[in-house]
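Report on the structure given below.
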Amino acid sequence: MLIGIVSISSAQQKASDRIWQFHSINNLGLLEGQTGSSFMIQTINGIQNRSWFVGAGVGLDFYRYRTIPLFIDIRKDFGQSVNKIFVYADLGTNFSWVTDNEKEHYLTEDKFGNGFYSDLGLGYKVRTGKNNSLLLSLGYSFKKLTETYRSQVYYPDLPPNEQFDRISYSLNRLSIKIGWQF
């Protein structure tokens, strides 16, 4: 009976006393760069231990070419109040999901390769409930893609010559995000 009472009383700990907590972060954002403005959406799920958070994220990135970033997210909160400043780093890869309208050369052999993805920034967390927070952040984001397409070169006295050309895209953007953590 004594063991049962101890087990029940230890199970009644406050959520804030737990060292490891699961959190989900959902962001909507605006990406601004040299080629214009675009939207992004992402979800990140992971665990938090005191002021450190580590999670895995996936999203949709519509800047210049539509891609699906898959990344690791690391965050650090600063401050003792319920509202906190935080820094974050996202590192991973982009999976290309380019529409026909986004392709430069409109050829059947036009293929896009996957590339590097990163987003580094600073934010502010406003606590809105016991386990909920509104997140506002500003960051620098980078994505890299490659495009390979077949082109044919015609010379008047020779048979057609096929060659493959490759373009590498390095896209630098400013990211502004609003999110919800629960």
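Nothing in this text is a laboratory measurement; each read-out follows from the coordinates by a stated rule. Quick caveat, the model's predicted, so the values are computed rather than measured. Ideal geometry is used to build each Cβ from the backbone, glycine not excepted, and the neighbour counts take in all protein chains shown.
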- Message: Can you compute the modelled spin-label distance between F182 and T93, with each label point 7 Å from Cα toward Cβ, in nm?
- Response: 3.2
- E32 versus L134: modelled label distance in nm, points set 7 Å from Cα along the beta carbon direction: 2.0
- Roughly speaking, what is the stretch gain from Q163 to I41, that is 0.36 nm per residue apart minus the C-alpha to C-alpha distance, in nm to one decimal? 40.2 nm
- Message: Check which residues have an amide H placed less than 5 Å from T128's amide H, if you skip close sequence neighbours.
- Response: S133, L134
- Going by C-beta contacts inside 10 Å, put K125, K130, K84 in order with the fewest on the left. K130, K84, K125
- Note on the structure: Given pairs K76/K143; K84/K130; K84/K177; K144/K177 and cut-off 18 Å on Cα-Cα distance, the over-length ones are K76/K143; K144/K177
